[in-house]
Amino acid sequence: DGTLTFCSSSQNSDLFYALQHSFGSIGLIVSVWLKLRKVGEEKQKTEKKGEEQKKELQKTVKKPSVYLEYHLFSSLSIALEEMERITKQWKIEGGQRNDSEVFYIDGIVLNEKATVVVVGTDVTNCEKYKHLPHTTLTNPTDRWFYHHIQHLLHQQKKSKNIKNNNINHSCFKIKKSSLVWKETMPLVDYLFRYDLGAFWMLDYELNFSFGRLKDLPILRWILRDISTTQKLFWILRNMPSHFVRQYYVIQDCLLPSKNTSLNFIESLETLMK
């Protein structure tokens, strides 16, 4: 009826939590108040020599990065339990976290015996992580995030002794998993990690068209301009509808609990077999 309603986690909380997945069926969001947090490492120093005496303050801001750990679970149910345990511990006090607290979490079910959980936090001390690999995803020949994970698992199978300092030590006390890899990554690359390749949508087409050649850096470079999610969905919408229905099923689902999620995935496995 055109009524303006304010909602938050404490006021009209039912609307607040329902709106984000309602696709406009409940109402339209006309204004949003966001609480921002500062990322990256910022230092201030005063120069006292030469002409720089005139500059009372010089700021050096380092590019924001995240520290990531890749954990492999052989059981989907255990992976879901661990993700639930981690998210229940999320408590932000004063907008700050220490280096042992998870700020980012992502789970990918590769098959019924391999689930990868990626956990991470903001890099607040660059010296602490300088010995780790620094991975990027946005350069033309970089692996897409999904391919990056597949590559790490392939490397682990080839050699259990990956050259990565303290590979067996987790900063986040993740349980019942095999720690595959540790690295740092630019924050922007991580936040948009699924943009190139549209999660794993393009991977299906590359398998069909190029087979094993899909992993060649030159191919990623050639396809770079059409590999973004926006371009790929434009192509998908302009493909013949009968072709899309025959070869693709694309569906996003929001499931309420770990038990529902597990049952849903197990049902999908049964249907696909």
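The values are calculated or read from the model by the stated rules, or taken from the named source; none is laboratory data. Note that the coordinates shown come from a computational prediction; the quantities given were computed from them, not determined experimentally. So basically every Cβ, Gly included, is an ideal-geometry build from the backbone, and we count neighbours across all protein chains shown.
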Among the residues of the stretch 102-121, the number that are assigned to a loop (DSSP other than H, G, I, E, B) and of a type in the set (S, T, Y) is 0
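Results for (1) touching an Asp or Glu at 6+ places or on another chain (Cβ under 8 Å); (2) under 25 Å from L152 (Cα atoms); (3) modelled with pLDDT under 85, shown as yes or no for each residue.
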site: Q20; (1), (2), (3): no, no, yes
site: E41; (1), (2), (3): no, no, yes
site: Y67; (1), (2), (3): yes, yes, no
site: G94; (1), (2), (3): no, no, yes
site: D99; (1), (2), (3): no, yes, yes
site: Y104; (1), (2), (3): no, yes, no
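Here are some residues: D189, D225. Which one is assigned to a helix (DSSP H, G or I) and within 30 Å of R85 (Cβ to Cβ)? Talk me through it step by step, then tell me what you get.
Numbers: D225 fails: within 30 Å of R85 (Cβ to Cβ).
On inspection, the qualifying residue turns out to be D189.
Residue by residue through the stretch 110-129, note down the ones that are in contact (Cβ under 8 Å) with a residue 24 or more places away in the chain and surrounded by fewer than 18 Cβ atoms within 10 Å (Cβ to Cβ).
Start the filter on the stretch 110-129 by keeping residues that are in contact (Cβ under 8 Å) with a residue 24 or more places away in the chain, which leaves 110, 112-126, 128-129.
Within the stretch 110-129, L110, E112, K113, A114, T124, N125, C126, K128 meet the criteria.
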Do you know which residues across the stretch 227-249 are loosely packed, with under 12 Cβ neighbours inside 10 Å and under 18 Å from F145 (Cβ atoms)?
Q230
I need every pair where a residue in the stretch 130-144 that is among the hydroxyl-bearing types (S, T, Y) has its Cβ under 9 Å from the Cβ of a residue that is loosely packed, with under 11 Cβ neighbours inside 10 Å, sequence separation at least 6 or different chains.
T141/I218
Test: S170 is crowded, with 16+ Cβ neighbours inside 10 Å and modelled with pLDDT under 85:
yes
Would you confirm whether any residue within the stretch 160-167 is exposed (fewer than 15 other Cβ atoms within 10 Å of the Cβ), modelled with pLDDT of 80 or more and out of contact with any Phe, Trp or Tyr (no Cβ under 9 Å at 6 or more places or on another chain)?
no
Residue check, Y146 closer than 20 Å to V119 by Cα, at pLDDT 85 or above and crowded, with 18+ Cβ neighbours inside 10 Å
yes
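Of the residues S261, S209, S267, which is among the hydroxyl-bearing types (S, T, Y), outside the structural domain of F145 (by TED's automatic domain parsing), in a helix (DSSP H, G or I) and surrounded by 12 or more Cβ atoms within 10 Å (Cβ to Cβ)?
Values: S209 fails: surrounded by 12 or more Cβ atoms within 10 Å (Cβ to Cβ); S267 fails: surrounded by 12 or more Cβ atoms within 10 Å (Cβ to Cβ).
Only one candidate passes the filter, namely S261.
Among F199, F233, which is closer than 30 Å to N139 by Cβ, part of a helix (DSSP H, G or I), modelled with pLDDT of 85 or more and under 22 Å from the mean Cα position of the chain (by Cα)?
Details: F199 fails: part of a helix (DSSP H, G or I).
Unique residue meeting the criteria: F233.
Kindly evaluate R212 against the criterion of being in contact (Cβ under 8 Å) with a residue 40 or more places away in the chain and charged (D, E, K, R). Don't jump to the end; show me each part of the working.
Details: in contact (Cβ under 8 Å) with a residue 40 or more places away in the chain: no; charged (D, E, K, R): yes.
The answer is no for R212.
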